[in-house]
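What follows is a set of notes on a single structure, which appears directly below.
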Ligand code: MG
């Protein structure tokens with residue numbers, strides 16, 4: 001889950017070892033939830049059922065759902081997960097009326113808070129046989145995340161993380177969503193800096209050990225433009241094309257990068 005563009009700027013908070021330990025724990029819980037939900041995402045299952053399962057696992061691990069109650073423009077997010085299907089990009093609200101069907105591209109986004117520290121990750125799963133274009137969209141989005149994480153090194157630049165996503169996605173003929181971005185993360189779900197999925201031409205940030213980032217490419221098969229649904233949360237592609245979303249919470253370490261929500265992409 002990520003903020004809309006243009007939230008207020010605060011300083012970037014570097015995390016100490018004890019804080020990173022808590023974030024790793026939160027990240028492991030998020031990973032476990034994603035594995036469980038990926039396995040449970042089958043035809044006939046409602047998105048509300050997936051959300052209940054997520055809340056159960058998070059609570060059973062002594063954590064709380066990060067997204068529940070998260071406030072944007074005086075509206076509180078009402079669920080533990082965001083589940084966004086096909087042309088829905090992100091922030092899909094789970095519903096008892098929404099049943100997963102064969103051929104759906106289902107993006108699952110989960111956050112957990114353990115002892116005051118957050119983990120945030122997402123993956124997209126193809127349910128049954130999907131169109132070749134959908135499969136390619138999923139693979140390109142997943143590999144865009146991998147390529148961007150490879151750019152996370154101490155002394156590196158945040159713009160190179162963004163550029164790795166944009167170049168890979170656009171070379172494949174898809175587009176990156178611009179109205180939403182990744183984010184710093186820690187004691188708050190959304191911290192500075194914003195992690196754009198394209199080179200914004202604005203402030204560049206030097207990466208330093210102790211920075212923790214939620215990197216989350218949101219990729220549309222068609223145009224990058226998105227618009228909110230009637231519920232004011234669910235973002236859809238403006239042109240009705242398919243969209244995919246992968247996310248990891250990572251930490252810049254002394255000598256490279258640590259994925260705190262490890263395995264969230266592949267397992
Ligand atoms: Mg996020």
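The values are calculated or read from the model by the stated rules, or taken from the named source; none is laboratory data. Everything numeric in this text was worked out from a predicted model, so none of it was measured. Every residue, glycine among them, receives a Cβ derived from its backbone with ideal geometry; neighbour counts consider all protein chains shown.
Answer with yes or no whether residue 26 is modelled with pLDDT of 95 or more, within 16 Å of the ligand (Cβ to nearest atom), in contact with a helix residue (DSSP H, G or I) (Cβ under 8 Å, 6 or more places away or on another chain) and not in a loop (DSSP other than H, G, I, E, B).
no
With the checklist (1) within 15 Å of the ligand (Cβ to nearest atom); (2) part of a strand (DSSP E or B) in hand, flag the one item residue 236 doesn't pass.
Going through (1) within 15 Å of the ligand (Cβ to nearest atom); (2) part of a strand (DSSP E or B) one by one, residue 236 breaks only (1).
What's the number of the condition residue 251 fails, among (1) touching a residue at least 40 places away in the same chain (Cβ under 8 Å); (2) more than 12 Å from the ligand (Cβ to nearest atom); (3) in a loop (DSSP other than H, G, I, E, B)?
All conditions pass for residue 251, except number (3).
Output the number of the condition that residue 134 fails; it satisfies all remaining conditions of (1) farther than 23 Å from residue 240 by Cα; (2) away from the ligand (no atom under 16 Å from the Cβ).
Result: residue 134 passes all but (1).
Out of the residues in segment 93-120 that are within 16 Å of the ligand (Cβ to nearest atom) and either closer than 17 Å to residue 40 by Cα or modelled with pLDDT under 95 (or both), state the one that is nearest to the chain's Cα centre (by Cα).
Within segment 93-120, the match that is nearest to the chain's Cα centre (by Cα) is 109.
Please go through segment 187-206 and pick out each residue that is assigned to a strand (DSSP E or B) and out of contact with any helix residue (DSSP H, G or I) (no Cβ under 7 Å at 6 or more places or on another chain).
Once the filter is applied, which keeps residues that are assigned to a strand (DSSP E or B) and out of contact with any helix residue (DSSP H, G or I) (no Cβ under 7 Å at 6 or more places or on another chain), segment 187-206 yields 191, 192, 194, 206.
Quick check: is even one residue across segment 124-133 more than 23 Å from residue 72 (Cα to Cα), in contact (Cβ under 8 Å) with a residue 40 or more places away in the chain, under 13 Å from the mean Cα position of the chain (by Cα) and assigned to a strand (DSSP E or B)?
Among the residues of segment 124-133, at least one is more than 23 Å from residue 72 (Cα to Cα), in contact (Cβ under 8 Å) with a residue 40 or more places away in the chain, under 13 Å from the mean Cα position of the chain (by Cα) and assigned to a strand (DSSP E or B), which makes the answer yes.
Have a look at 199, 169, 161 and point out the one that is away from the ligand (no atom under 16 Å from the Cβ), surrounded by 23 or more Cβ atoms within 10 Å (Cβ to Cβ), farther than 30 Å from residue 78 by Cα and free of Cβ contacts under 8 Å to residues at least 60 places away in the same chain. Even if it seems obvious, please write down each step before you answer.
Numbers: 199 fails: surrounded by 23 or more Cβ atoms within 10 Å (Cβ to Cβ); 161 fails: away from the ligand (no atom under 16 Å from the Cβ).
None of the others qualify; the one that does is 169.
Do we find a residue being at pLDDT 95 or above, part of a loop (DSSP other than H, G, I, E, B) and touching a helix residue (DSSP H, G or I) at 6+ places or on another chain (Cβ under 6 Å) anywhere in segment 47-60?
Just the residues of segment 47-60 that are at pLDDT 95 or above, to begin with: 47-60.
If we keep only those that are part of a loop (DSSP other than H, G, I, E, B) as well, we get none.
There is no residue in segment 47-60 that is at pLDDT 95 or above, part of a loop (DSSP other than H, G, I, E, B) and touching a helix residue (DSSP H, G or I) at 6+ places or on another chain (Cβ under 6 Å).
Quick check, is residue 145 outside any helix (DSSP H, G or I), closer than 26 Å to residue 113 by Cβ and within 16 Å of the ligand (Cβ to nearest atom)?
Values: outside any helix (DSSP H, G or I): no; closer than 26 Å to residue 113 by Cβ: yes; within 16 Å of the ligand (Cβ to nearest atom): yes.
No: the conditions fail for residue 145.
Among the numbered conditions (1) within 16 Å of residue 144 (Cα to Cα); (2) away from the ligand (no atom under 16 Å from the Cβ); (3) modelled with pLDDT of 95 or more, tell me where residue 210 comes up short.
(1)
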